[in-house]
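A short write-up of the structure that comes next.
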Amino acid sequence: MSNKQLCFIALLPPPEVQAEANAIKAHFAEAYESFHAQKSPPHITLKAPFKWPIEQLPNLKTTLEEFSQNQSAVPVTLSGFGAFPPRVIYVHLEKTPDLLAMEKALLSNLEDKLGLVDRVAQSRSFVPHMTVAFRDLSKSNFRKAWAIYQEKRFDYQFTVNELTLLLHNGKFWEVGETFRFGKL
C-alpha cells in the first residue's frame, strides 16, 4: 500500500460539454479500441499527474483553495480537434492569454508553496487540450480516426470558474475537490 496519492489539477468543462466529449470518447473506444481516455472526466490539464503524500493532502488542498481565491473565471473556446501524432487525438482549445497565465501562475504557486516542481512542464510549452483518444490508440487506428476527426467540428464557448483536484482511485480518476475562483 502506497502512502502517496496520484493527483492532477485541471479545469472541467460544463456538464453538457462533458457529455458531448464523453460520447466521443465512447466512440473511440468502440470504433478504434482506445479506452484509456474514458478513465477520467473530460478536462483541461493544468498540472500533470503527480504523486503526493497522503498525509500532506490537506496542505495541497489549502494551497489550491488559497490560489483559487485570487483567480478570475477563465473563458474557454473549443474549436475542432487536434493531435499529438502518432497516438493522441484531442479537442482543440484556443490558447488564450488567460489560460496560459493561469497555468503558469498555478505551477509557480505550487513550486513556491509546496516545492512541487514539474521539470517536464518547464521544458515544453503548454498546449491546452481535452483528450478524447489516448496513447492506447494504435498507430493504424490513429491514422483512420485522424482522417475523419481533423475535419470534424466541436465548437463550444464557456467560462470555467473553479479549479478541480482529481484523484486516482486505483482504476480511474475522480473529482477529489473543487475550488471556486474568488474573483467572479
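How about the stretch 47-150: which helices (runs of 4 or more DSSP H) wholly inside it have at least 1 residues that are at pLDDT 95 or above?
Those helices (runs of 4 or more DSSP H) span 57-69, 97-114, 139-149.
For the stretch 142-161, a residue qualifies if it is closer than 20 Å to Phe35 by Cα and hydrophobic (A, V, I, L, M, F, W, C), and the qualifying residues are Phe142, Ala145, Trp146, Ala147, Ile148.
Name every residue in the stretch 1-40 that is within 18 Å of Asn169 (Cα to Cα), in contact with a Pro (Cβ under 9 Å, 6 or more places away or on another chain) and either small (Gly, Ala, Ser) or assigned to a loop (DSSP other than H, G, I, E, B) (or both), in order of residue number.
Within the stretch 1-40, Asn3, Ala10 meet the criteria.
A quick yes/no check of all residues on (1) closer than 23 Å to Glu151 by Cα; (2) crowded, with 17+ Cβ neighbours inside 10 Å; (3) in contact (Cβ under 8 Å) with a residue 12 or more places away in the chain; (4) touching a Pro at 6+ places or on another chain (Cβ under 9 Å):
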| position | (1), (2), (3), (4) |
| --- | --- |
| Gln71 | no, yes, yes, no |
| Ala83 | yes, yes, yes, no |
| Leu93 | yes, yes, yes, yes |
| Leu100 | no, no, yes, yes |
| Leu114 | no, no, yes, no |
| Arg124 | no, no, no, no |
| Val127 | yes, no, yes, no |
| Val132 | yes, yes, yes, yes |
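Taken over the stretch 1-53, the criterion of being hydroxyl-bearing (Ser, Thr, Tyr) and in contact with a helix residue (DSSP H, G or I) (Cβ under 7 Å, 6 or more places away or on another chain) is satisfied by Tyr32, Ser34. Within the stretch 148-184, the residues that satisfy the criterion of being open to solvent by less than 60 Å² (accessible area, probe 1.4 Å) and among the aliphatic types (A, V, I, L, M) are Val160, Leu163, Leu165, Leu166, Leu167.
The values are calculated or read from the model by the stated rules, or taken from the named source; none is laboratory data. Everything numeric in this text was worked out from a predicted model, so none of it was measured. Positions of Cβ are generated from backbone atoms using ideal geometry, with glycine treated the same way; all protein chains shown enter the neighbour counts. Side chains included, ligands, DNA and RNA excluded: accessible areas come from the protein's heavy atoms. Shrake-Rupley method; radii C 1.70, N 1.55, O 1.52, S 1.80 Å.
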